[in-house]
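Each remark here refers to the structure printed beneath this line.
The values are calculated or read from the model by the stated rules, or taken from the named source; none is laboratory data. Because the structure is predicted, anything quoted here is derived from the model rather than measured. Here Cβ is always computed from backbone atoms with ideal geometry, including for glycine, and neighbour counts include all displayed protein chains. Side chains included, ligands, DNA and RNA excluded: accessible areas come from the protein's heavy atoms. Shrake-Rupley method; radii C 1.70, N 1.55, O 1.52, S 1.80 Å.
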Amino acid sequence: MSGSRQSHLPVPGVPLDRRTLLAAAAAATAGTLATACGTAAGQPPGKVAVLGDSAAWEKPMAAAGAAMKEVAGLQLVPEVNPALESFEQVVKSSLRTSKTPDMLKYWSGYRLQDLARTGGIVDLTRQWDSAVRRGWVDASLREAFTYRGRVHGLPMNLAYWVFFYNTDVFKEHRLQVPETWGDFLSACARLKKSGITPLHGSAADRWPSFIWFQEILSRQDPQFYEDLMNGRERYTDSRAERALRTLESFFDKDWFTPMDMSHADAAAAVVHGKVGMVPCGTWLGSTLVGAGGKPGKNLGAFVLPMADPKARPCVIFESSALVCTVKGPDREEALKAAGNWLRPAVMKAFSHSLQDGCPNPRVEPPNPMIAGLAKKVRGDKLWLLNRFWEQGPPELVEATVDDLAGFLLNPSSARKTLRTMQERADEAWQVWREAGET
């Protein structure tokens, strides 16, 4: 039955040692990855390689590269390492060799800080400050790309985490875009009564397990979310438990899809009127369009309203980082490329090909749906909170995602889950802070 607590996924026990798994994955694919890093190093003059982890970004990067060639005489050449599980490990290893690529597509937040600690990436504060002076970047994003007060990456995209819905389905069932938390709950109840599964929830592919905890907690108490993610609060706090209890109540109402439904399947289900709403970054728009969605026509998106109307209005964002390496063979050209990355012509080519939000506020949105979201976020001055995946020491985030996956498969385990998460957090934050002092 849709939304039931049963799932085809196995209930996880104690999560496996992520370091062991990732190290094994890196070793198993060493030959392939060495080749990937090797081809990324040493482009001909006038070309700069950018190594990333997503094939879906290859065409947008090529479009940005063509635009950059027009305005700066440099062409970006996308390189893709499809071995997602070992991408971080391979990148860090390559930074110590002459085989490192000139530029990288990486994560923001603590994962970028972790990379900066290696000493293998370039301080881009000068390029950032130049872009701010020209109005080429949203200055409020700076913290997500900073380590020890210096900028070490430039934002590539600006994805908002929103709820996608089928506008025809909402119209058929006399539903408006929720403006309050009560409106959102009422919409879920009406969709359920009409035979439509209200919400997509998923532990498929593992990483999506954080989505609902992130969304509910940030709407109930955004300051607590920010403090918890940065190690200043505890998972055993009653506010964290309240978020999981709220999530448990959604399970009790049978509002969720099966927990093994992927985002691709959920996108198709929304387009075909089988699922009411899917929470995800705006980058899911391309998947929804591929399933038959038409932004501004039968496909819409909204920012989840605040559960506490007195709290500071917020939205979760996600932004990848463009990074320059210290040992890249074409370092000077890479730095020149970084200085031109946020230029409007380059950003427009990239974001319009990607069909996602843009960190340069002077670039027109690629479609009506993104335009509406950007207008709300900027017009209402919503507090931009970085995504769960980028918040906190990477190994802690990896383990916590596993814990949340366990909760999604057993929603009555809130307190046990939170205790386990805090035990991990105590150890991880101590290690992180000690490493930062060396």
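Odds and ends about this structure:
- Size of the range 137-195 as Cα extents on the principal axes (Å, biggest first): 52, 21, 17
- Taking only the C-alpha atoms of the range 56-97, Rg followed by Dmax gives 13.3, 36 Å.
- Based on C-alpha pairs under 8 angstrom that are at least 6 apart in sequence, the range 248-380 has a relative contact order of 21 percent.
- Between residue 172 and residue 419, the contour length at 0.36 nm per residue exceeds the alpha carbon distance by 84.5 nm.
- Kirkwood hydrodynamic radius (C-alpha pairs) into Stokes-Einstein, the range 263-414, 25 °C and 0.890 mPa s, D in µm²/s: 134 µm²/s
- Distance between modelled label sites at residue 180 and residue 206, nm, 7 Å Cα→Cβ extension: 4.2 nm
- Reachable lysines from residue 47, criterion Cα separation under 18 angstrom, eight or more residues apart if same chain: 59, 69, 99, 105, 327, 336
- Expected-Rg normalisation [2.2 N^0.38 Å, Cα atoms] applied to the range 138-236: 1.40
- Normalised by 2.2 N^0.38 Å, where N is the number of residues, the C-alpha radius of gyration of the range 293-375 stands at 1.44.
- Length added when fully stretched, residue 375-residue 437, from 0.36 nm per residue minus Cα-Cα: 18.2 nm
- Centroid-to-centroid separation of the range 302-378 and the range 162-192 [C-alpha atoms, Å]: 28 Å
- Square roots of five times the Cα gyration tensor eigenvalues for the range 107-146, Å: 21, 12, 5
- Within the accessible surface of the range 352-397, defined with a 1.4 Å probe on protein heavy atoms only, the carbon and sulfur portion equals 51 percent.
- Surface per residue (accessible, 1.4 Å probe) for the range 335-438, Å²: 41 Å²
- Pairwise alpha-carbon distances in the chain exceed 35 Å for 28% of all pairs.
- Whole-number D in µm²/s for the range 227-315 (Stokes-Einstein; Kirkwood sum over Cα pairs; 20 °C, 1.002 mPa s): 138 µm²/s
- Bridgeable lysines around residue 416 (alpha carbons under 26 Å apart, same-chain partners fewer than 8 residues away excluded): 253.
- Residues of type aspartates and glutamates that residue 348 reaches as a straight line, Cα spacing below 17 Å, ignoring anything fewer than 8 places off in the same chain: 58, 70, 138, 356, 364
- Of all beta bridges that DSSP places with both ends in the chain, some 55 percent have antiparallel geometry.
- Mean sequence separation of contacting Cα pairs (under 8 Å, at least six apart), scaled by the length of the chain, corresponds to a relative contact order of 27 percent.
- In plain terms, the chain from residue 194 to residue 227 could stretch by 7.9 nm, reckoned as 0.36 nm per residue minus the Cα-Cα distance.
- Over the range 210-268, the pair-distance histogram of Cα-Cα distances with 10 Å bins from zero comes to 21, 45, 26, 8 percent, rounded to whole numbers.
- Two-site label geometry, residue 130 and residue 143: point separation in nm, points 7 Å out along Cα→Cβ: 2.7 nm
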